[in-house]
Number of protein chains: 2
Amino acid sequence: MKTIDEVRLRNIVGKNNLKTDPSDLYIYGSDSSVHHAMPWAVVKPENTSQIQELMKYANENKIPVIPRGGGSGMCGQTVPVNGGIILDMKGMNRILEINLEDVYCRVEPGVVDDDLNLALKQYGVFYPPTPASSRIATIGGEIANNASGVRSVKYGATRDAVLGMKVVLPSGELVSLGAHTRVEASGYQLHKLIVGSEGTLGIVVEATLSFVPIPEFRCMGIANFDSLKDAGEAIGSIMASGSNPSMLELVDDVAIKAVNKTMDLGLKEVAAALIFEADGMVKEAVDYEINKMRKICENHRGADIYASYDPKERAKIFMGRKKLFPALSKYDNNLASTALADDMAVPYSKMAEMAGKIHEIAEKNGLIMTAYGHCGSGCMHTKILMDTKRKDQWSSAKKAITEVYEYVRSVNGTTSAEHGIGLSKAESFKIEKSDSLNLLNTIKQALDPNNILNPGKLMQAPENWVTATNLRYCVNS
Amino acid sequence: MKTIDEVRLRNIVGKNNLKTDPSDLYIYGSDSSVHHAMPWAVVKPENTSQIQELMKYANENKIPVIPRGGGSGMCGQTVPVNGGIILDMKGMNRILEINLEDVYCRVEPGVVDDDLNLALKQYGVFYPPTPASSRIATIGGEIANNASGVRSVKYGATRDAVLGMKVVLPSGELVSLGAHTRVEASGYQLHKLIVGSEGTLGIVVEATLSFVPIPEFRCMGIANFDSLKDAGEAIGSIMASGSNPSMLELVDDVAIKAVNKTMDLGLKEVAAALIFEADGMVKEAVDYEINKMRKICENHRGADIYASYDPKERAKIFMGRKKLFPALSKYDNNLASTALADDMAVPYSKMAEMAGKIHEIAEKNGLIMTAYGHCGSGCMHTKILMDTKRKDQWSSAKKAITEVYEYVRSVNGTTSAEHGIGLSKAESFKIEKSDSLNLLNTIKQALDPNNILNPGKLMQAPENWVTATNLRYCVNS
């Protein structure tokens, strides 16, 4: 471990914004992934010039710097595998401007997604790329991971909503990228390069985001299926039909059972269910979309189909999906729900096969896995439910992940849909991007020559994360 | 001028795909801009491996390579200011796949936009970023310039529609970027970096593009205004109201007069007109959008307001806008319509002021300038009508451009909305991006260390293009 110049850090961010006590550092050593590693210090900058100073110090001394938002990352993006300084960006959480005339807002990176949407709501608009973790996820973290969520099928991902940004480079230089206008063709779209770069190219200190009107009408429906294949094929048919859902979610039997165990929703324990939604300013148009999706579900043997405009009914339909992530931990008291192979994207026509593959691989490897996700945008999620104390379960999990991603790549899918790569998914990422790894490294090297920005992630991630990083779990040997 | 190894080039692309005759080269020396410069050779590759071979040859010998599509660029993007080899990409014009199930298509870069849309039309879908030059513009050129057009206000620009691509790097290496899925969070979004890079970072040899359903209903309207300010303010109000037009175009008095001179449309010669359109699958929703925009136009003193679903009526309304570009050359037989300061983007609330500024600057500098554009996406166009034989008019034009862009930057606008930077707009681009120029150069240097890909453009463009490049026009001294 390198020596950190605590005096200098204190001078930059102030006494209260520096943490070096091991018990504090421990907390910042993990995010929502399985990984853990100790940082050397945690600082919570309050403004851009503090970050510029910090970067100068870190760059001169080749100290890793890891920007961190809400810590909801699933793949170890903010776990300091090479040690270094964690930048807790939540100290910069001001909404700088909500410009209704020009239809954009400017925010600091530490703004929590839900807080932004609460502020926008009073003007009848919303920021759509919101992930499920919106209660804790920050805009900066969402940019780092090109996050998206249930509404990406209609409204796009973070990359689509970011018009511009200000970024501090490893040298401490501050640059403005992108623009404040809807369209822009002024050379390299560098703001789009920063989106998804997982804090490895620069520290976002301000973002200009577009927003859209909150629709007047929203109608949500649900359909049950006796086979996962039917549900998956319904998704494919809906998306190929030119439908324009504002949400199209899959939940499988494992997910449904998990929810039933934790909540009194009395969901029918079928093989799979689809939740679909349409929204708009005109009811007839919403009806049109809902009826179209209903019909397609019927054609694929969907049952118990039901849809409602009523906010309470909609909340009830969605409740199971919303609480799925915590519910999965309760599926079996002996099994933890781990974010391994947690998300991927495949072409629509492979959605049914992908869901089936997850179950098949789970069974083959003696694990329980669930298939769910924002399938309307090609996104599939899974969690591995396993006994984290058993070493053999980790080996099985590793095998299962490898098989899942082998399938994903074989059907022209991609390793991550919206959770990013970090550590957990780096193996498949490196295989998928094998022909552009040189290019990725070239860009990283050009922008961060001392390799101080979140090193050891993406193409730099260690070959075998199970052994290379500490796990958050106690594993019996 | 460097010596070109004609034998080697002939061996790579074949005898018929190499041009070295000066009369052929002359034609490839200009695009739709004011600039001209002679290339050393023109090659028309037929496949990716030929391009790989060519790049290896060029890179070894440090010979500039300039990829070229339809030649409809307005800013000199494909003008070989440093000489070199023009790659005429129209030899690679196959539509490789139209995948209706997975909602994407794969095309070679030389496919002409209209040809792609003709092929898609039979399946009831379309590729929306289409620019006005779609009859000649190629997908590769559109990617290079992040092109967009009348429908970008609703459907986005090229950067939004490109899911992935294959690119040949200066070394001859072939890389796959992006994915085949709607969402993707697998690390650096390098395909989004290539969009808008004007052929300076790599040669796109294949693109994966999303498409959308052709809407069942389209309604187009027009409103006349006695003042440009009123029309501009109507645009701002429409966009701030959360309207969702599929088109929102401004034409000013100069544009209207030009069209009347060339076509028997009998347009009322008012100060400005707005053309607005809404589309969708449900008539009630289209009605809603159209009525909303009508009402806002009325509130801003719009007159003669008229809207129609009828394709013939719509074509009539749009005809003037569609033929505007050629019509401007006929405004005055002594004046040429030059693509100088040809496009820019400003925040919506500045649209009225921007249009007024163009007229004010024109008058001050003894020029005729027109203000029009896809204002719904923040895009404003202008052309300078001038006597190109008069040297003083070039000086005036230069002054006018400088003043236009000074204004654009002062209101947080950006130098290009959709036509790119090339040579003509490089001066303003360099000022606008002054704080990120180092970063742009770093990326260019990292990806193209020998600076062979379209050198002398964007941040590398010569300080004063009027003297640094040849003009296509004969100017009396």
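Applying the selection to the stretch B:119-175, what residues are of a type in the set (D, E) and open to solvent by 30 Å² or more (accessible area, probe 1.4 Å)?
Let us first name the residues in the stretch B:119-175 that are of a type in the set (D, E), namely B:142, B:160, B:173.
B:D160, B:E173, listed by residue number.
Checking B:D102 against (1) surrounded by fewer than 21 Cβ atoms within 10 Å (Cβ to Cβ); (2) in contact (Cβ under 8 Å) with a residue 40 or more places away in the chain; (3) within 28 Å of A:E233 (Cα to Cα), which single condition isn't satisfied?
So B:D102 meets the others, but not (1).
Scan the stretch A:85-105 residue by residue and report those that are more than 24 Å from A:G71 (Cβ to Cβ) and either assigned to a strand (DSSP E or B) or of a type outside the set (A, V, I, L, M, F, W, C) (or both).
So in the stretch A:85-105, the residues more than 24 Å from A:G71 (Cβ to Cβ) come out as A:97-104.
Within the stretch A:85-105, A:E97, A:I98, A:N99, A:E101, A:D102, A:Y104 meet the criteria.
For the condition surrounded by fewer than 22 Cβ atoms within 10 Å (Cβ to Cβ), in contact (Cβ under 8 Å) with a residue 40 or more places away in the chain and assigned to a loop (DSSP other than H, G, I, E, B), what is the one hit in B:E46, B:E53? Give the derivation first.
Working: B:E53 fails: assigned to a loop (DSSP other than H, G, I, E, B).
The conditions single out B:E46.
Scan the helices (runs of 4 or more DSSP H) fully inside the stretch A:257-349 and keep the ones with 1 or more residues being out of contact with any strand residue (DSSP E or B) (no Cβ under 9 Å at 6 or more places or on another chain).
Here the list reads A:283-299, A:311-322.
Can you tell me which residue is least open to solvent (accessible area, probe 1.4 Å) among those in the stretch B:176-199 that are farther than 23 Å from B:K62 by Cα and more than 7 Å from chain A (Cβ to nearest Cβ)? Give the steps one after another, and end with the answer.
In the first step, residues of the stretch B:176-199 are kept if they are farther than 23 Å from B:K62 by Cα; the result is B:176-193, B:195-196.
Subsequent filtering for residues that are more than 7 Å from chain A (Cβ to nearest Cβ) retains B:178, B:191.
Numbers: B:G178: 17, B:H191: 1 Å².
Looking at the filtered set, the residue picked out is B:H191.
If a residue must be touching a Gly at 6+ places or on another chain (Cβ under 8 Å) and open to solvent by 10 Å² or more (accessible area, probe 1.4 Å), how many such residues does the stretch A:200-215 contain? Walk me through how you get there before you give the answer.
So in the stretch A:200-215, the residues touching a Gly at 6+ places or on another chain (Cβ under 8 Å) come out as A:204, A:207-208, A:212-215.
This time we only want the ones that are open to solvent by 10 Å² or more (accessible area, probe 1.4 Å), so: A:204, A:212-215.
The total comes to 5.
Which of the following residues is modelled with pLDDT of 95 or more, more than 26 Å from A:W40 (Cβ to Cβ), among the hydroxyl-bearing types (S, T, Y) and open to solvent by 50 Å² or more (accessible area, probe 1.4 Å): A:S434, A:S428, A:S416? So that I can check it myself, show each step before the final result.
Numbers: A:S428 fails: open to solvent by 50 Å² or more (accessible area, probe 1.4 Å); A:S416 fails: open to solvent by 50 Å² or more (accessible area, probe 1.4 Å).
None of the others qualify; the one that does is A:S434.
Do the conditions hold for A:A223, that is, is it among the aliphatic types (A, V, I, L, M), away from chain B (no Cβ under 14 Å) and touching a helix residue (DSSP H, G or I) at 6+ places or on another chain (Cβ under 8 Å)?
On the way: among the aliphatic types (A, V, I, L, M): yes; away from chain B (no Cβ under 14 Å): yes; touching a helix residue (DSSP H, G or I) at 6+ places or on another chain (Cβ under 8 Å): yes.
So A:A223 fits the description; yes.
Among the residues of the stretch B:19-39, what is the count of those that are crowded, with 20+ Cβ neighbours inside 10 Å and in contact with a helix residue (DSSP H, G or I) (Cβ under 8 Å, 6 or more places away or on another chain)?
Qualifying residue count, the stretch B:19-39: 2.
What residue, among those in the stretch B:359-375 that are outside any helix (DSSP H, G or I) and open to solvent by 20 Å² or more (accessible area, probe 1.4 Å), is nearest to A:L163 (Cα to Cα)? Before the answer, list the steps.
Here is the first cut: in the stretch B:359-375, the ones outside any helix (DSSP H, G or I) are B:365-374.
Narrowing the set further to residues that are open to solvent by 20 Å² or more (accessible area, probe 1.4 Å) leaves B:366, B:368.
Working: B:G366: 36, B:I368: 33 Å.
Filtering first and then ranking leaves B:I368.
Results for (1) among the hydroxyl-bearing types (S, T, Y); (2) more than 14 Å from chain B (Cβ to nearest Cβ), shown as yes or no for each residue.
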residue: A:E53; (1), (2): no, yes
residue: A:K62; (1), (2): no, yes
residue: A:M74; (1), (2): no, no
residue: A:Y104; (1), (2): yes, no
residue: A:F126; (1), (2): no, no
residue: A:G149; (1), (2): no, no
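Within the bounds of the stretch B:34-54, is there any residue that is modelled with pLDDT under 95 and of a type in the set (G, A, S)?
yes
Give just the number: which of (1) under 18 Å from the mean Cα position of the chain (by Cα); (2) open to solvent by 10 Å² or more (accessible area, probe 1.4 Å) does A:V411 not satisfy?
Failing condition for A:V411: (1).
Do the conditions hold for A:G356, that is, is it open to solvent by less than 10 Å² (accessible area, probe 1.4 Å) and either within 14 Å of chain B (Cβ to nearest Cβ) or assigned to a helix (DSSP H, G or I) (or both)?
On the way: open to solvent by less than 10 Å² (accessible area, probe 1.4 Å): no; either within 14 Å of chain B (Cβ to nearest Cβ) or assigned to a helix (DSSP H, G or I) (or both): yes.
So A:G356 fails the test.
Within the stretch B:63-81, does at least one residue satisfy the condition of being out of contact with any Phe, Trp or Tyr (no Cβ under 9 Å at 6 or more places or on another chain) and surrounded by fewer than 23 Cβ atoms within 10 Å (Cβ to Cβ)?
no
Please find, among A:K430, A:K425, the residue that is closer than 23 Å to A:C379 by Cα and either more than 9 Å from chain B (Cβ to nearest Cβ) or free of Cβ contacts under 8 Å to residues at least 60 places away in the same chain (or both). It would help to see each step written out before you state the result.
Working: A:K425 fails: either more than 9 Å from chain B (Cβ to nearest Cβ) or free of Cβ contacts under 8 Å to residues at least 60 places away in the same chain (or both).
Answer to the selection: A:K430.
In the set B:K383, B:K389, B:K323, B:K399, which member is of a type outside the set (A, V, I, L, M, F, W, C) and buried (at least 22 other Cβ atoms within 10 Å of the Cβ)?
Values: B:K389 fails: buried (at least 22 other Cβ atoms within 10 Å of the Cβ); B:K323 fails: buried (at least 22 other Cβ atoms within 10 Å of the Cβ); B:K399 fails: buried (at least 22 other Cβ atoms within 10 Å of the Cβ).
Checking each option against the conditions leaves just B:K383.
So, in the stretch B:394-422, exactly how many residues are within 11 Å of chain A (Cβ to nearest Cβ) and without any contact (Cβ under 8 Å) to a residue 24 or more places away in the chain?
Residues that pass the stated criteria total 1.
The values are calculated or read from the model by the stated rules, or taken from the named source; none is laboratory data. All values derive from a computational prediction rather than experimental measurement. Positions of Cβ are backbone-derived with ideal geometry, glycine not excepted, and every protein chain shown enters the neighbour counts. Calculation scope for accessible area: heavy atoms of the full protein, side chains included, ligands and nucleic acids excluded. Shrake-Rupley method; radii C 1.70, N 1.55, O 1.52, S 1.80 Å.
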